[in-house]
Amino acid sequence: QATVDSDSANLKVARAQVAAQQAVMAEKVVKAPFAGRLGVRQVDLGQYIAAGTAIVTLQQLDPMFVDFYLPQQALGQIAVGQKVTVSADAYPGRTFDGVISSLGAKVDSSSRMLPVRANIPNPDGKLLPGMYLSVSVDSGPPRSLVTIPAAAVAYNPYGSLVYVLHDKDGKQTVSQQFVTTGANRGDQVSILKGIKANDVVVTAGQLKLHNGSAVKVDNTVQPTDNPAPVPVDR
């Protein structure tokens, strides 16, 4: 029995040594907990790697998370599952569709902005982490609005006004018209009250005008009127 007990103990020691060597061997192989795309290798072949050394970047590209912020006024207009559209400067004319996957649990006290995360399918790997993206969130039913170039609105302490062109007795004159402005989008501003569609408004030289001023229209120079302007490198 003493021999059996001794051999049994030796067997356990040998198995423990095998397990220890297997653990050492396992440390020689780096395994990622998820699949993805590897980036540029940051170490050389044969290099000794200490604990904590960055070897290579691994990114899961499908799906992608897009984090952005919305003002607190939009809190009542967004919800989880709502559709979003994403565009990138790297792919002009192409958009990527996704849905809102989560909303922040609190509004930032300094900026009053709400963090939002959207889930974007990316099967072809076109989008990469760290890219700058433009996110559009559609909310509410479609509405028809009167929009004019922002340069046409004269903002004053007593109200916002535009000069509306009238053709009377063959003469062109202007009149002041107070307006209620709505949301801005790019170079355009929406008008909620004061003018209607097809009214002709003055977009430059308002400082020289008053009610009843006779004018001569010169449209050789037009202000920008783009709802989504893009800066041009010059």
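The values are calculated or read from the model by the stated rules, or taken from the named source; none is laboratory data. Everything numeric here is computed off the predicted structure, so don't read it as measured data. Here the Cβ positions follow ideal geometry from the backbone for every residue, glycine too, while neighbour counts run over all protein chains shown. Ligands, DNA and RNA are stripped out before the accessible areas are found, and what is left, the full protein with its side chains, is counted by its heavy atoms. Shrake-Rupley method; radii C 1.70, N 1.55, O 1.52, S 1.80 Å.
Does GLY104 satisfy the criteria of being surrounded by 15 or more Cβ atoms within 10 Å (Cβ to Cβ), touching a strand residue (DSSP E or B) at 6+ places or on another chain (Cβ under 7 Å) and without any contact (Cβ under 8 Å) to a residue 24 or more places away in the chain? Considered against the rule, which asks whether it is surrounded by 15 or more Cβ atoms within 10 Å (Cβ to Cβ), touching a strand residue (DSSP E or B) at 6+ places or on another chain (Cβ under 7 Å) and without any contact (Cβ under 8 Å) to a residue 24 or more places away in the chain, GLY104 comes out as yes.
Residue check: is TYR132 open to solvent by 80 Å² or more (accessible area, probe 1.4 Å) and under 22 Å from PRO229 (Cβ atoms)? For TYR132, the condition - open to solvent by 80 Å² or more (accessible area, probe 1.4 Å) and under 22 Å from PRO229 (Cβ atoms) - is met. Would you be able to say whether some residue in region 137-145 is within 31 Å of the chain's Cα centre (by Cα), surrounded by 16 or more Cβ atoms within 10 Å (Cβ to Cβ) and more than 19 Å from PRO223 (Cβ to Cβ)? Scanning region 137-145 turns up at least one residue that is within 31 Å of the chain's Cα centre (by Cα), surrounded by 16 or more Cβ atoms within 10 Å (Cβ to Cβ) and more than 19 Å from PRO223 (Cβ to Cβ).
Residues are listed down the side, and each one gets a yes or a no for (1) among the polar types (S, T, N, Q); (2) in a helix (DSSP H, G or I); (3) at pLDDT 85 or above:
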position	(1), (2), (3)
HIS166	no, no, yes
GLN176	yes, no, yes
VAL179	no, no, yes
LYS196	no, no, yes
GLN222	yes, no, no
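Any residue at all in region 205-221 that's within 30 Å of ILE78 (Cα to Cα) and within 36 Å of the chain's Cα centre (by Cα)? Scanning region 205-221 turns up no residue that is within 30 Å of ILE78 (Cα to Cα) and within 36 Å of the chain's Cα centre (by Cα). Taken as a whole, the structure places ASP5 among residues that are surrounded by fewer than 10 Cβ atoms within 10 Å (Cβ to Cβ), of a type outside the set (Gly, Ala, Ser) and out of contact with any strand residue (DSSP E or B) (no Cβ under 7 Å at 6 or more places or on another chain). Beta carbons closer than 7 Å, at least 6 apart along the sequence or on distinct chains, pair a first residue in region 162-182 that is within 17 Å of ALA150 (Cβ to Cβ) and aliphatic (A, V, I, L, M) with a second that is part of a strand (DSSP E or B) and open to solvent by 60 Å² or more (accessible area, probe 1.4 Å) for VAL162/GLN177; VAL164/GLN177; VAL179/LYS193. Residues that are within 30 Å of ALA88 (Cβ to Cβ), out of contact with any helix residue (DSSP H, G or I) (no Cβ under 9 Å at 6 or more places or on another chain), in contact (Cβ under 8 Å) with a residue 12 or more places away in the chain and not in a loop (DSSP other than H, G, I, E, B) do occur in region 185-193, at least one of them.
Picking from residues in region 164-206 that are open to solvent by less than 60 Å² (accessible area, probe 1.4 Å) and in contact with a Pro (Cβ under 8 Å, 6 or more places away or on another chain), the one that is nearest to LYS216 (Cα to Cα) is THR203. Of all residues in region 45-74, those satisfying the criterion of being under 19 Å from MET131 (Cα atoms), within 18 Å of the chain's Cα centre (by Cα) and either among the basic types (Lys, Arg) or assigned to a strand (DSSP E or B) (or both) are MET64, PHE65, VAL66, ASP67, PHE68, TYR69, LEU70.
Rundown of residues vs (1) assigned to a loop (DSSP other than H, G, I, E, B); (2) among the charged types (D, E, K, R); (3) within 30 Å of VAL201 (Cβ to Cβ), yes/no style:
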site	(1), (2), (3)
ALA79	yes, no, no
VAL84	no, no, no
SER87	no, no, no
PRO92	yes, no, no
ASP97	no, yes, no
VAL107	yes, no, no
VAL135	no, no, no
SER139	yes, no, yes
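Examine region 112-121 for a residue that is modelled with pLDDT under 90 and either of a type in the set (Ser, Thr, Tyr) or surrounded by 12 or more Cβ atoms within 10 Å (Cβ to Cβ) (or both), and state whether such a residue exists. Checked against the condition, which is being modelled with pLDDT under 90 and either of a type in the set (Ser, Thr, Tyr) or surrounded by 12 or more Cβ atoms within 10 Å (Cβ to Cβ) (or both), region 112-121 yields no hits at all.
Considering each of LYS28, LYS12 in turn, give the residue that is modelled with pLDDT of 90 or more, of a type outside the set (Val, Ile, Thr) and either open to solvent by 90 Å² or more (accessible area, probe 1.4 Å) or part of a strand (DSSP E or B) (or both). After applying the criteria, what remains is LYS12.
For region 207-234, a residue qualifies if it is open to solvent by 90 Å² or more (accessible area, probe 1.4 Å), more than 22 Å from TYR155 (Cβ to Cβ) and touching a residue at least 40 places away in the same chain (Cβ under 8 Å), and exactly one does: LYS216.
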